[in-house]
Amino acid sequence: MIPKHVAIIMDGNRRWAAERGLPIAYGYQRGVTALRRTLRAAQRAGIGVVTAYAFSEENWSRPAAQVDLLMSLCARAARSELRALAKEGVRIRLCGRNERLPLATRAALEDLVAQTAANDGLTLNLAIDYGGRREIGDAVRALACEVSAGLRKAETIDERDIQSRLYTAGLPDPDLVIRTGGETRISNFLLFQSAYAEFWATDTHWPDFGESHLRAALDAYALRQRRYGT
């Protein structure tokens with residue numbers, strides 16, 4: 001039983017670096033390598049969508065130097081990984097708001113999206129400047145505007161209408177949520193979409209995550225009985 005959509009909270013980059021006496025930047029760089037490694041493993045496993053929690057809206061409160069480092073690394077990764085991703089058929093989507101991103105970072109990511117739009121392989125859904133509560137709020141506001149404009153009646157709004165206005169519109173809900181780094185919080189990630197997702201956590205920090213860990217998560221998922229509340 002292979003999940004169609006796997007969502008990953010990529011946690012533990014800073015702790016991985018600190019445990020080794022290395023600069024934080026090196027932990028994040030190794031995190032990018034881990035993402036590429038995991039995407040290849042996901043493709044081999046037959047997974048259709050991977051949503052990676054790359055930068056939350058709460059992350060803006062980190063020290064400015066760390067935020068600048070993450071934004072710069074994100075831009076470099078987008079440019080350096082573009083050719084390899086395109087050749088492997090990966091399609092990139094962005095999940096979140098991008099208005100606050102530095103111009104260079106936003107341009108690199110938007111170019112990545114445009115250059116891979118026609119690809120029909122695995123979809124990498126990058127959650128950047130993302131917050132689950134804010135996403136639901138944005139969907140509700142969009143529907144409220146339609147009601148106010150007379151385009152629909154409030155009593156006709158159902159779950160599918162909300163889903164179609166989320167950042168993940170057009171993608172299946174995640175079947176499996178993976179969190180690395182030893183924590184077991186959902187951390188404001190895909191709150192609406194993960195209502196019936198299975199959850200799997202590991203103490204392994206994200207830079208060390210790879211195919212064996214993904215396989216362990218998939219093996220655990222295959223043993224679950226998904227009853228959807230019944």
Quiz item: Between residue 98 and residue 211, what length in nm is gained on full extension when 0.36 nm per residue of separation is reduced by their alpha carbon distance?
Solution: 37.6 nm
Exercise. Pop a pseudo-label 7 angstrom from the Cα along the beta-carbon direction at both residue 196 and residue 80 and give the gap in nm to one decimal.
Key: 4.2
Quiz item: Tally Lys/Arg at +1 and Asp/Glu at -1 over every other residue whose Cβ is under 10 Å from the Cβ of residue 97; what's the total?
Solution: -3
Quiz item: Okay, helix-only estimate at 222 nm for the chain: each DSSP H run of n ≥ 4 adds -39500 (n - 2.57), divide by all residues, round to 500 deg cm²/dmol; what do you get?
Solution: -14500 deg cm²/dmol
Quiz item: Listing 4, 153 from the residue with the fewest other Cβ atoms within 10 Å to the one with the most, what is the order?
Solution: 153, 4
Quiz item: Taking square-rooted eigenvalues a ≥ b ≥ c of the alpha carbon gyration tensor, is region 102-168 rounded, prolate or oblate, where a/c under 1.5 means rounded and, failing that, a/b exceeding b/c means prolate?
Solution: prolate
Practice problem: Quickly work out the residue 43-to-residue 142 label distance, labels modelled 7 Å from Cα along the C-beta direction, and quote it in nm with one decimal. | Solution: 2.9
Self-check item: region 64-143 versus region 4-31: alpha-carbon centroid distance in Å
Solution: 18
Quiz prompt | Computed over the chain: relative contact order in percent, which uses C-alpha pairs under 8 Å that are six or more apart | solution = 30
Exercise. Subtracting the Cα-Cα distance from 0.36 nm times the residue separation, let me have the gained length for residue 87 to residue 183 in nm, one decimal.
Key: 31.1 nm
Exercise. Determine which residues of region 174-191 fall in the zone a paramagnetic label at residue 220 would reach in this model, i.e. backbone nitrogen under 13 Å from the point 7 Å along Cα→Cβ.
Key: 176-185
Self-check item: Estimated FRET transfer efficiency (residue 152, residue 20; beta-carbon r; R0 41 Å; 0.05)
Solution: 0.15
Quiz item: What is the sum of charges around residue 58, taking Lys and Arg as +1, Asp and Glu as -1, for the other residues whose C-beta is under 11 Å from the C-beta of residue 58?
Solution: +1
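Where a number appears in this text, it was derived from the coordinates with a stated rule and is not lab data. Bear in mind the structure is a predicted one, so any value in this text is a computation, not a measurement. Quick reminder, even Gly has a Cβ in these numbers, built from the backbone with ideal geometry, and neighbours come from all protein chains shown.
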